[in-house]
Structure formats: structure tokens, C-alpha cells
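The block underneath contains the structure these notes are about, expressed in C-alpha cells.
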Ligand SMILES: Nc1ncnc2c1ncn2[C@@H]1O[C@H](COP(=O)(O)OP(=O)(O)OP(=O)(O)O)[C@@H](O)[C@H]1O
Ligand SMILES: [Mg+2]
Ligand SMILES: [Zn+2]
């Protein structure tokens with residue numbers, strides 16, 4: 001009896017991914033019911049030959065590893081552009097924001113030319129959802145190497161990487177933030193940093209812009225000047241809502257205007273209203 005010939009398809013980009021994957025991701029695949037963790041399965045091709053081909057779990061694993069490398073938190077994994085609903089009664093700015101997000105992905109990188117986006121709006125309007133949706137789309141459609149950072153997390157890492165002996169920040173730790181092709185910086189201004197931490201953040205943003213690397217920023221603070229710049233009594237200023245200028249300084253705010261196209265998002269907290277009515 002003729003022995004069954006098993007031929008391997010040219011693995012190319014589809015090679016089993018199990019070897020390089022991180023522990024948690026690999027564990028999910030070793031439980032795969034189709035391949036038992038081998039990463040390959042046998043299938044009969046059109047000529048009736050048995051061939052080994054990558055198991056379907058491989059694509060999922062690759063996606064998981066990509067999300068992990070990009071540091072996209074689990075709670076935002078579902079945030080793709082396709083799942084951003086523009087409800088009939090929603091504020092028109094949300095539909096516009098969604099359209100701009102799609103256009104941005106289409107025109108990246110040639111037309112965007114290093115310019116990023118600044119998504120502003122109140123709590124729960126969907127800023128992070130759109131920012132992550134753009135990042136995921138760029139990773140998937142344009143092969144972009146993406147990175148997600150919560151602003152407070154970034155401040156913490158800068159602080160931790162500070163080396164008192166040489167009185168400076170270990171740039172090695174920050175290298176991925178400098179070098180990521182597209183960086184999402186979520187909740188800019190959520191925390192007030194010390195001067196030297198802020199200098200480092202400003203250096204990161206400036207260097208990225210000068211190197212034509214795209215940064216997508218979200219913030220809860222209205223993109224308006226710092227209070228001190230405005231007229232009015234101290235009491236009036238104190239009663240006023242804090243602005244982005246208050247939180248990051250006027251100089252950086254005007255720099256951001258140069259670096260990013262602003263997308264203003266108005267509307268209610270999706271978690272409280274539309275989202276609950278629709279999904280809850
Ligand atoms: N238009 C939308 N369609 C579908 N889901 C949405 C939409 N807007 C927001 N969401 C969902 O509502 C939740 C809150 O949205 P998101 O975190 O993006 O808001 P945010 O503006 O970043 O809020 P915060 O200011 O608190 O950071 C998320 O789970 C998000 O997926
Ligand atoms: Mg957010
Ligand atoms: Zn499998």
C-alpha cells in the first residue's frame with residue numbers, strides 16, 4: 001500500500017505561530033480542539049493529496065499577540081471602527097468623527113504625512129473607542145506597528161525609569177514610545193506631571209512629530225487656552241472648567257495644534273445612555 005504523502009504548503013506568512021508567542025497566548029492554542037496545539041492540521045487538497053496547513057487558531061493567536069505587543073487593554077479590544085455606532089439621534093459631531101476616522105485610515109501614511117489626531121470630548125462619548133479603532137485598522141490594513149498608552153501609565157513609566165545617578169530618564173525604557181509607528185496616547189492631561197516628567201513627555205511628542213511618526217491623542221479637557229491667559233476675576237476663573245491649556249500648558253497646546261487635526265466629539269456618555277438602551 002502506498003504510504004500517504006504529506007506535503008507542507010509553503011508556510012510563508014502563515015507559518016505556525018506557536019513558537020514565538022507569549023505564554024498566555026500559547027496556552028490558549030495548546031487547548032485548540034482542531035490541532036491540539038500543533039498549530040497545523042491535515043487537509044485534502046483539490047488533487048486529493050493530504051497536506052498540512054496552518055490551523056485556524058493560528059490567525060487568532062497572531063491577532064492576540066499583535067494586540068498584546070500594541071498594549072491594547074482587553075477592555076478596548078472590541079473597539080473597532082465597524083462597531084462604532086452612529087445612532088440616528090446622536091450628536092452630528094459623532095458621525096463626523098467616525099467619517100474622519102475612516103478617512104484618516106484610508107489616507108495614512110502619504111496624505112496624513114505624520115500628522116495625528118486630537119480627539120476631544122466629555123466622558124464616555126467614544127474617544128478611546130475611535131482612537132483604538134483607528135489603531136487596529138491601521139495595524140490590520142496598513143501593517144502598522146501600533147502602540148497604545150494610557151497617559152498616566154506613561155507618566156508612571158517615565159518616573160520609574162528615572163535614574164538618579166545620572167539625573168535623567170533611561171531612554172531605553174521609552175524607546176518603544178519614541179519609535180512606535182503610530183502611538184495612541186489616551187487621556188492626555190488626566191494627571192498633572194512634575195516639570196521634568198512633562199519635559200520628557202513633550203520631548204517624546206516633539207521627537208515623534210519631527211520624525212513624522214503619527215500620534216493619536218484623546219483628552220477630556222476642552223482644547224482651550226489656560227485660565228491665566230483669559231480675562232476675568234480669580235473667582236470666575238476658579239469656577240470655570242479646567243482646559244487643556246491648564247493641564248498641559250499653552251506652549252504644548254499650540255504645538256499639538258500643529259501636530260494633530262482636532263476632532264471634537266459632543267454628546268452624552270455612551271455608557272449611561274445610548275449604549276445601555278441599545279445593548280442593555
Ligand atoms: N458610538 C459608539 N458605538 C458603540 N460603542 C460605543 C460608542 N461610543 C462609545 N462606545 C462604548 O462606550 C464605552 C465608552 O466609550 P469610550 O471609552 O470610548 O469613551 P471615552 O470618550 O473614551 O470616555 P472617557 O472620557 O471616560 O475616557 C466603550 O465601551 C465604547 O466601546
Ligand atoms: Mg477614554
Ligand atoms: Zn489549532
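The values are calculated or read from the model by the stated rules, or taken from the named source; none is laboratory data. Note that this is a predicted model, so its numbers are computed, not measured. Reconstructed Cβ throughout: ideal geometry from the backbone, glycine too, with neighbour counts over all protein chains shown.
Annotations for the structure displayed:
- Restricted to the stretch 115-143, and to residues there that are at pLDDT 95 or above and more than 18 Å from residue 73 (Cβ to Cβ), the residue that is surrounded by the fewest Cβ atoms within 10 Å (Cβ to Cβ) is 115.
- Only one of 194, 200 that is buried (at least 20 other Cβ atoms within 10 Å of the Cβ), more than 16 Å from ligand 2 (Cβ to nearest atom), at pLDDT below 90 and within 19 Å of residue 156 (Cβ to Cβ): 200
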